[in-house]
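J.: One structure, pasted below without further comment.
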């Protein structure tokens, strides 16, 4: 879709994981590669957002946060600032089970909205797996950051957002794992069912 650009946020410190989450392996691919493959099925382009993007060794363009060390809202802001299309699909690198079908469903619900954000089965919003209209969301993200706000949920709450209940997504294949957030070695062990990859875990912590 030529009106949508995809962005993968890789700027987190990965403190709880103890190694770079973006380079963890699942079924022979890094998390970033898996997400990029799914995004590329619905987006005009895929870009990685965060520091030292070259460390990922992927064939993707990269941009740095304009407000480094400001957290996830700065990542969304950086994606929107780099976006060359009316809409941006923004996904965190620690959500390796997202799919093109999920993204397509969000895109289908964008009419008359400025953002489209899914809700987990427990009702919690997922601002780091959401669709943002570039112009209104970039302007509002800039205002929020300058006011001291760091939480991406604040952006969704201050623009016209279509909240997508989990019941509107559960018919999609793999829906029960869409929002499995891989933050710790225990999360990764459950995701792979075979524990943390020793080679990956042994790499020095970055970021």
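J.: When the range 116-125 is examined, which residues are found to be closer than 12 Å to residue 152 by Cα and crowded, with 22+ Cβ neighbours inside 10 Å? Reasoning before the result, please.
T.: If we filter the range 116-125 for residues that are closer than 12 Å to residue 152 by Cα, which is where we start, we get 117, 125.
117 - this is the single residue of the range 116-125 that is closer than 12 Å to residue 152 by Cα and crowded, with 22+ Cβ neighbours inside 10 Å.
J.: Within the range 97-109, how many residues are modelled with pLDDT of 95 or more and surrounded by fewer than 22 Cβ atoms within 10 Å (Cβ to Cβ)?
T.: 8
J.: Only one of 79, 36 is closer than 20 Å to residue 188 by Cβ, in contact (Cβ under 8 Å) with a residue 24 or more places away in the chain and crowded, with 18+ Cβ neighbours inside 10 Å; which? Show your work before the answer.
T.: Values: 79 fails: closer than 20 Å to residue 188 by Cβ.
When all the criteria are applied, what remains is 36.
J.: A further question on this structure: Is it true that some residue in the range 160-168 is within 20 Å of residue 105 (Cα to Cα), assigned to a loop (DSSP other than H, G, I, E, B) and at pLDDT 95 or above?
T.: yes
J.: Just to confirm my filter: which helices (runs of 4 or more DSSP H) fall fully inside the range 23-117 and include at least 2 residues that are on the phi > 0 side of the Ramachandran plot?
T.: Helices (runs of 4 or more DSSP H) meeting the threshold: none at all.
J.: Which of (1) surrounded by 19 or more Cβ atoms within 10 Å (Cβ to Cβ); (2) at pLDDT 90 or above does residue 30 not meet, given it meets every other one?
T.: With respect to (1) surrounded by 19 or more Cβ atoms within 10 Å (Cβ to Cβ); (2) at pLDDT 90 or above, residue 30 is out only on (2).
J.: Hey, among 94, 122, 112, which residue is out of contact with any strand residue (DSSP E or B) (no Cβ under 6 Å at 6 or more places or on another chain) and at pLDDT 95 or above?
T.: It is 112.
The values are calculated or read from the model by the stated rules, or taken from the named source; none is laboratory data. It should be emphasised that the depicted structure is a prediction, and the values quoted were computed from it without experimental measurement. Methodologically, a virtual Cβ is constructed for each residue, glycine included, from the backbone with ideal geometry; neighbour enumeration extends over all protein chains shown.
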